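K.L.:
Please find one structure pasted underneath; my questions will follow.
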Amino acid sequence: MRYRKLGRTGLTVSEIGFGTIPILSGSVPVLPEYFSPDVDGAVKIMEYAYRMGCNFYDTAIPEEYGDAEYKLGVFAKKIGRENIIISDKARFMDGNDMFREVMRSVENLGTKPDIYFVHQVDEKNQEEVFGKYGALDALCDLKKAGVIKYTGIATHYYSVCERAVYDNRVDVIQTSGNIFERGIVDRITANGIFRDKGLILNKVYGAGCLLSALTPLELISGILGVPFSCALIGIGTPQQAKIAMCEELPPKNFSFEEVTDRLSEKFSPIKCTRCQKCTCPNGYEVHILFRQYNYYHLGKSYWAMRKLRLNIKEVYDTCRKCTDRQCMRECPQKLMIPELVEMIYEMTL
């Protein structure tokens, strides 16, 4: 296992980190695979990863994470709290709500997390998060009080990453990217200012979906050239830990065409990198539609179809009448967006 500096925090983290969604108990339809180990089983899986050199463990308090915090706390106590770094997060944008949830996390974990993230910050809620008395202010107060050591923003939006990197209150950024959905990581790589901020990368396997067309080692080696501190991999079995952590892989540069060619062996992917440069005058996020379409065909059928059906009729009707086509002008991939929206709409009927 190799290790990297986590920005200016002073922490050194394993290049591959342990994502705890797969070790929780319950039912999470966002995952293609689900393991549901009991507490002893989950602790053994985390111990196995620790012996492979992993020292970074990421969890969250949202309800779909079930008992992952508790299981991680049991593991931390057994292995020695000082030997690992814990990051946690909660999806609350108001400062009072965030303060309450951090304290609940401390109770669930039985220890204080090292890093705490505001979870799923987006372009609609960011003003509340970054504003006075918002969630970020609450994390700063908790940092001063010694409840957490470092503050974080977790987001799937490049614009939020960019805002966070210029905000001195933010110690660590967590965002998503892989060799297919490379739009955010490509923009981060091109912007040198991110080198000074701790960066955690998730969705390396595309929530497990990309494993149907690409191997774990391809997916991991393909992102090693990105200037992140730690790449999170969802681990549900010792075998998955062994595959993700057993080798010090050299970085490999996969072209976007190579990746889409591999996916084309399974289905006809929409070749969207999720760079988020497309702009819809009506506020619709077409890159999310395209992601759900691709994930539907890569094994996330229940979750993706449910998301697509939320507003696809509205998007289709609006897109059909739009004459501006700003989204197409700004798309680096030159995608025929109205035609693709129509295809997705017909798929949902």
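K.L.:
If we only count helices (runs of 4 or more DSSP H) wholly inside the range 61-173, which ones have 2 or more residues that are hydrophobic (A, V, I, L, M, F, W, C) and within 21 Å of Ala42 (Cβ to Cβ)?
P.N.:
68-79, 95-109
K.L.:
It is to be established whether one or more residues within the range 310-333 are in contact with a Pro (Cβ under 8 Å, 6 or more places away or on another chain), more than 16 Å from Arg182 (Cα to Cα), in the same structural domain as Gly53 (by TED's automatic domain parsing) and free of Cβ contacts under 8 Å to residues at least 40 places away in the same chain.
P.N.:
No, every residue in the range 310-333 fails to be in contact with a Pro (Cβ under 8 Å, 6 or more places away or on another chain), more than 16 Å from Arg182 (Cα to Cα), in the same structural domain as Gly53 (by TED's automatic domain parsing) and free of Cβ contacts under 8 Å to residues at least 40 places away in the same chain.
K.L.:
Provide a single number: the residues in the range 1-24 that are in a loop (DSSP other than H, G, I, E, B), surrounded by fewer than 24 Cβ atoms within 10 Å (Cβ to Cβ) and out of contact with any Gly (no Cβ under 7 Å at 6 or more places or on another chain).
P.N.:
5
K.L.:
Kindly indicate the residue of the range 276-309 that is in contact with a Pro (Cβ under 6 Å, 6 or more places away or on another chain) and part of a helix (DSSP H, G or I) and also farthest from Gln333 (Cα to Cα) among those meeting that condition.
P.N.:
In this case the residue turns out to be Tyr302.
K.L.:
Could you list, in sequence order, the residues of the range 145-169 that are within 15 Å of Met98 (Cα to Cα) and either out of contact with any His (no Cβ under 8 Å at 6 or more places or on another chain) or of a type in the set (Phe, Trp, Tyr) (or both)?
P.N.:
Ala145, Val147, Ile148, Tyr150, Thr151, Gly152, Ile153 - these are the residues of the range 145-169 that are within 15 Å of Met98 (Cα to Cα) and either out of contact with any His (no Cβ under 8 Å at 6 or more places or on another chain) or of a type in the set (Phe, Trp, Tyr) (or both).
K.L.:
Considering Asn125, Asn168, Asn108, which residue is farther than 29 Å from Phe254 by Cβ, touching a Phe, Trp or Tyr at 6+ places or on another chain (Cβ under 7 Å) and not small (Gly, Ala, Ser)?
P.N.:
From the options Asn125, Asn168, Asn108, the qualifying one is Asn108.
K.L.:
Sort through Gly177, Gly234, Gly206, Gly198 and tell me the only one that's touching a helix residue (DSSP H, G or I) at 6+ places or on another chain (Cβ under 6 Å), modelled with pLDDT under 95 and either farther than 19 Å from Lys89 by Cβ or not β-branched (Val, Ile, Thr) (or both).
P.N.:
The unique qualifying residue is Gly234.
K.L.:
Sort out which residues of the range 314-329 are over 25 Å from the mean Cα position of the chain (by Cα) and over 15 Å from Tyr293 (Cβ atoms), and write them in order of number.
P.N.:
Passing the criteria: Glu314, Asp317, Thr318, Arg320, Lys321, Cys322, Thr323, Asp324, Arg325, Gln326, Met328, Arg329.
The values are calculated or read from the model by the stated rules, or taken from the named source; none is laboratory data. The shown structure was predicted, so the numbers you read here are calculated from the model rather than taken from an experiment. A quick note on method: Cβ atoms are made from the backbone with ideal geometry, for glycine too, and the neighbour counts reach across all protein chains shown.
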